[in-house]
Amino acid sequence: MAAKKKSAKKKIAKKKSVKKVVKKAVKKTAKKAAKKSVKKVVKKAVKKSSSKNGSTVTLGGNPVSTSGKLPKKGAAAPAFTLTTGTLQEISNKDFRGKRVILNIFPSIDTPTCATSTRTFNSLAASLNNTEVYCVSADLPFAQGRFCGSEGLANVKTASSFRSNFGNAFGVNLTNGVLKGILARAVVVLDEKGKVLHSELVSEIANEPNYEAAINSLK
């Protein structure tokens with residue numbers, strides 16, 4: 001009799017233990033599902049916000065948002081200022097009458113940015129009435145040091161470190177490890193300041209399409 005009671009108690013305890021484990025597993029699964037759902041909603045909201053207000057590029061495959069969108073072909077370039085190597089301010093009016101290639105990038109001290117500067121320096125030698133400006137948030141001294149040490153005389157440098165350029169062109173990076181500096185892009189302007197070509201490079205580590213930029217001047 002005592003053995004039967006003991007066995008019955010064990011069965012009840014076992015059932016309770018199983019129910020407890022199942023309940024815990026269900027609760028954990030529900031929690032994971034809810035967390036996943038929240039992440040999905042947040043990701044969707046970020047993507048929607050980005051598509052509405054800015055653009056999304058990647059850095060090593062990780063999404064990074066920009067502050068806006070590049071001006072489209074045919075549009076007038078937005079009003080902006082930049083600082084030259086002599087610490088002088090330049091703006092749209094200083095480019096009137098000349099075609100301009102704006103080679104925009106995060107920092108002159110990174111390999112891809114250095115490569116794009118060298119490449120455009122080489123290409124600029126054969127361009128008529130065209131100035132190539134390499135634009136970044138680096139201090140003018142750093143930009144000048146690089147071009148000086150490399151002997152790059154066909155391109156000019158301009159810094160956005162104290163101007164509205166990044167916001168005007170929508171190329172400020174708003175999150176990620178490079179937050180606060182510029183995305184990689186190329187904008188080509190004609191003699192009247194209208195956009196002939198614009199490219200926001202989808203992966204920051206990649207080089208821009210040089211051929212497309214040069215062909216827009218033909």
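The table below lists the values:
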read-out	value
Every residue from region 138-164 that is among the polar types (S, T, N, Q), farther than 18 Å from Thr81 by Cβ and part of a loop (DSSP other than H, G, I, E, B)	Asn154
Residues located in region 179-194, provided they are out of contact with any helix residue (DSSP H, G or I) (no Cβ under 8 Å at 6 or more places or on another chain) and either buried (at least 19 other Cβ atoms within 10 Å of the Cβ) or in a strand (DSSP E or B) (or both)	Ala183, Ala185, Val187, Lys194
Number of the exception - Ser136 against (1) open to solvent by 10 Å² or more (accessible area, probe 1.4 Å); (2) on the phi < 0 side of the Ramachandran plot; (3) out of contact with any Cys (no Cβ under 6 Å at 6 or more places or on another chain); (4) of a type in the set (S, T, N, Q)	(1)
Test: residue in region 165-176 that is within 14 Å of Thr84 (Cα to Cα) and open to solvent by 30 Å² or more (accessible area, probe 1.4 Å)	no
Lys218 open to solvent by 40 Å² or more (accessible area, probe 1.4 Å), within 20 Å of Gly97 (Cα to Cα), at pLDDT 95 or above and charged (D, E, K, R)	no
Failed criterion for Ala213 (all others in (1) within 23 Å of Ile90 (Cα to Cα); (2) under 11 Å from the mean Cα position of the chain (by Cα) hold)	(2)
Unique match (being touching a residue at least 12 places away in the same chain (Cβ under 8 Å) and more than 15 Å from Leu59 (Cβ to Cβ)) among Gly180, Gly144	Gly144
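Condition check ((1) surrounded by 18 or more Cβ atoms within 10 Å (Cβ to Cβ); (2) within 17 Å of His197 (Cα to Cα); (3) among the polar types (S, T, N, Q)) across all residues:
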{"position": "Gly54", "(1), (2), (3)": "yes, no, no"}
{"position": "Ser67", "(1), (2), (3)": "yes, no, yes"}
{"position": "Lys72", "(1), (2), (3)": "no, yes, no"}
{"position": "Gly97", "(1), (2), (3)": "no, no, no"}
{"position": "Cys113", "(1), (2), (3)": "yes, no, no"}
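The values are calculated or read from the model by the stated rules, or taken from the named source; none is laboratory data. For clarity, every value in this text was computed on a predicted model and none was experimentally measured. Note that we place each Cβ from the backbone using ideal geometry, even for glycine, and neighbour counts take in every protein chain shown. All accessible areas refer to the heavy atoms of the entire protein, side chains included, with ligands and DNA or RNA removed. Shrake-Rupley method; radii C 1.70, N 1.55, O 1.52, S 1.80 Å.
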